[in-house]
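This report concerns only the one structure given below.
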Amino acid sequence: MAFTLPALPYAHDALEPYIDKQTMEIHHGKHHQAYVDNLNKAVAGTENENKSLEDLLKNVGSLSPAIRNNGGGHWNHTFFWETLAPHAGGEPTGALAEAINSTFGSFDALKEKVNAAGATRFGSGWAWLIVKDGKLEVTSTPNQDNPLMDVAEVKGTPLLGIDVWEHAYYLKYQNKRPEYLNQIWNVISWAKVSERFGAAK
Ligand code: MN
């Protein structure tokens, strides 16, 4: 029942020129693989060995830091790969677009809010668009925490998550995290985010 690295749902170079091939190879093949391996080590031979990842995250405040960091890392990256897609970007449509407009005023205002959440997250972490109590909200988490965790300051159902660890952008964007955040909107899969929105409501 060990956790396994999911295959990337597209080629390593499919998100070029916004996210480069080498970053994807290292990010998926090395970083995400390490979270999976270290999570398996952390639960091996314990009562947590056969629990689902979601179950672990919900109760992570009472579990080891290794489960929090690596369980979060595994969940967040699996979610991230599915949030991105080649030939994606553009603007959301339908019910999600309506909810974004009524909550934030416009799609551009949402992007600004997410980019600010990512840019101001000190050190490593994630910026999120979530559904909380039926409403859209933008938040961020440190390290590999996420809004599903009992320890999260703002809890909710993630619709979109952006990795702002340096390993996600440093080879192409160096220290320019805001530029990475501007460009990543070109590869956001609004089809996937809308599907999650439909399921969350
Ligand atoms: Mn990462």
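The values are calculated or read from the model by the stated rules, or taken from the named source; none is laboratory data. Computed from a prediction, not measured in an experiment: that's the story for all the values here. Cβ: placed from backbone, ideal geometry, glycine included. Neighbour counts: every protein chain shown. Please note that ligands, DNA and RNA were not included when accessible areas were found on the heavy atoms of the full protein model with its side chains. Shrake-Rupley method; radii C 1.70, N 1.55, O 1.52, S 1.80 Å.
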- prompt: With (1) away from the ligand (no atom under 16 Å from the Cβ); (2) closer than 13 Å to Ala168 by Cα as the list, and Thr23 as the residue in question, which single condition is left unmet?
  reply: (1)
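Residue-by-condition table, conditions (1) within 16 Å of the ligand (Cβ to nearest atom); (2) open to solvent by 20 Å² or more (accessible area, probe 1.4 Å):
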residue	(1), (2)
Gln144	yes, no
Pro147	no, no
Val164	yes, no
Ala168	yes, no
Leu181	yes, no
Ser194	no, yes
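Scan Glu82, Glu54 and give me the residue that is more than 24 Å from Ala11 (Cα to Cα), open to solvent by 50 Å² or more (accessible area, probe 1.4 Å) and within 16 Å of the chain's Cα centre (by Cα).
Working: Glu82 fails: more than 24 Å from Ala11 (Cα to Cα).
Residue meeting the stated conditions: Glu54.
I'd like to know if the stretch 162-175 contains one or more residues that are modelled with pLDDT of 95 or more, more than 23 Å from Gln22 (Cα to Cα) and out of contact with any Phe, Trp or Tyr (no Cβ under 8 Å at 6 or more places or on another chain).
Here is the first cut: in the stretch 162-175, the ones modelled with pLDDT of 95 or more are 162-175.
Then drop every residue that is not more than 23 Å from Gln22 (Cα to Cα), which leaves none.
No, every residue in the stretch 162-175 fails to be modelled with pLDDT of 95 or more, more than 23 Å from Gln22 (Cα to Cα) and out of contact with any Phe, Trp or Tyr (no Cβ under 8 Å at 6 or more places or on another chain).
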statement: Within the stretch 96-142, the residues that are in contact with a helix residue (DSSP H, G or I) (Cβ under 7 Å, 6 or more places away or on another chain) and loosely packed, with under 13 Cβ neighbours inside 10 Å are Lys135
task: Filter the stretch 71-102 down to residues that are away from the ligand (no atom under 14 Å from the Cβ), touching a residue at least 60 places away in the same chain (Cβ under 8 Å) and among the polar types (S, T, N, Q), then give me how many there are.
output: 1
